[in-house]
Amino acid sequence: QKEVEQNSGPLSVPEGAIASLNCTYSDRGSQSFFWYRQYSGKSPELIMSIYSNGDKEDGRFTAQLNKASQYVSLLIRDSQPSDSATYLCAVTRQGAQKLVFGQGTRLTINP
Amino acid sequence: EAGVAQSPRYKIIEKRQSVAFWCNPISGHATLYWYQQILGQGPKLLIQFQNNGVVDDSQLPKDRFSAERLKGVDSTLKIQPAKLEDSAVYLCASSRDQDTQYFGPGTRLTVL
């Protein structure tokens, strides 16, 4: 079982709709959770971090964390073509800074 | 604030050759990371430095990979000898605090 699992996609969403990206993790000791966006040929860029159960909103992005279910998700509202990218979920264990990444979900927003 | 710098951006070598990558972190960032990202996968941590000491190198193939950060600032990652499966993007990241890591542009390595 992989430590961090994501559906590799591709996930195709019409412009203006809500894109929903999901991630599960296996280590119950995981403490911090991150979503990175990676455009083709570019390096990962942090867009959201979440540390406690519940929702965290930042503009059009909402991260959701459920530690009991070992599940973290990212919602993108009013999707734009510029949101088309690969979204990487990453977690860290308690007391460690090491990021463990999932394989990423490729998202395409169709105009 | 200048970002993480890496060089070269691209490198093509033949198998069994050696290669070195350089990284200069964001000024004041004590922690430096090297990741390997194979096409279609997420980045995998190779080594983490805190200042000039190694914190985690558990996934570094030590028979062929080496890394150093002698003065606690910039860092070099070396592969000797390279194998075909080393073809990947090598990402350097740095952080000041416990959480936010900032990535450099990466070095794309092709081993023929």
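Just so you know, all these numbers are worked out from the coordinates, no wet-lab data involved. Computed from a predicted model, the values in this text were never measured in an experiment. Please note: Cβ atoms are built from the backbone with ideal geometry, for glycine as well, and neighbour counts cover all protein chains shown.
Distance between the modelled labels on A:Asp58 and B:Leu112, one decimal in nanometres: 4.2 nm (7 Å Cα→Cβ projection).
Beta bridges assigned by DSSP with both partners in the protein assembly as shown are antiparallel in approximately 90 percent of cases. Quick one: Cα centre-to-centre distance for the stretch A:3-32 and the stretch A:34-111, in angstrom? The stretch A:3-32 and the stretch A:34-111 have Cα centres spaced 7 Å from each other. The charge dipole of chain A, taken about its Cα centre with unit charges on the Cβ of Lys, Arg, Asp and Glu (plus for the first two, minus for the last two), comes to roughly 300 debye.
Whole-Hz Karplus values for the stretch A:37-46 come out as 10, 10, 6, 4, x, 10, 8, x, 10, 5 Hz, taken residue by residue from phi with 6.51 cos²θ - 1.76 cosθ + 1.60 and θ = phi - 60°; glycine and proline positions read x. Of the cross-linked pairs A:Lys56/B:Lys62; A:Lys98/B:Lys71; A:Lys67/B:Lys62; B:Lys11/B:Lys62; A:Lys2/A:Lys42, which ones have a Cα-Cα span greater than 29 Å in the structure shown? Going by Cα-Cα distance, A:Lys56/B:Lys62; A:Lys67/B:Lys62 fall outside the 29 Å limit.
Annotation: amide H of A:Glu15 within the under-5 Å range of A:Asn110, sequence separation 5 or more or interchain, hydrogens built in the peptide plane.
The value of relative contact order for chain B, using C-alpha pairs under 8 Å at least six residues apart, is 37 percent.
The 3J(HN,Hα) values that the Karplus relation (6.51, -1.76, 1.60; θ = phi - 60°) gives for the stretch B:59-66 are, in residue order, 10, 8, x, 6, 6, 9, 9, 9 Hz. Gly and Pro appear as x.
Model label sites at A:Glu45 and B:Gln50, defined 7 Å from Cα along the beta-carbon direction, differ in position by 3.1 nm.
Legend: calculated FRET efficiency, A:Asn22 to B:Leu70, from the Cβ-Cβ distance at R0 = 41 Å, rounded to 0.05, equals 0.45.
Label positions at A:Asn110 and B:Gln59, each projected 7 Å from the Cα along the C-beta direction, are separated by 3.4 nm. For chain B, the ratio of Cα radius of gyration to the globular rule of thumb 2.2 N^0.38 Å stands at 0.99.
With a Förster radius of 25 Å applied to the C-beta separation of B:Lys78 and B:Gln41, the computed FRET efficiency comes to 0.70.
Per-residue Karplus couplings for the stretch A:13-24, computed as 6.51 cos²θ - 1.76 cosθ + 1.60 with θ equal to phi - 60°, are listed in order as 9, x, 4, x, 8, 8, 9, 10, 10, 10, 8, 10 Hz, Gly and Pro entered as x.
Bridges between two residues of chain B, per DSSP, are antiparallel at a rate of about 90%.
For B:Leu46, the residues whose amide H sits under 5 Å from its own are B:Trp34, B:Tyr35, B:Gln36, ignoring neighbours fewer than 5 places away on the same chain, with H placed 1.01 Å from N.
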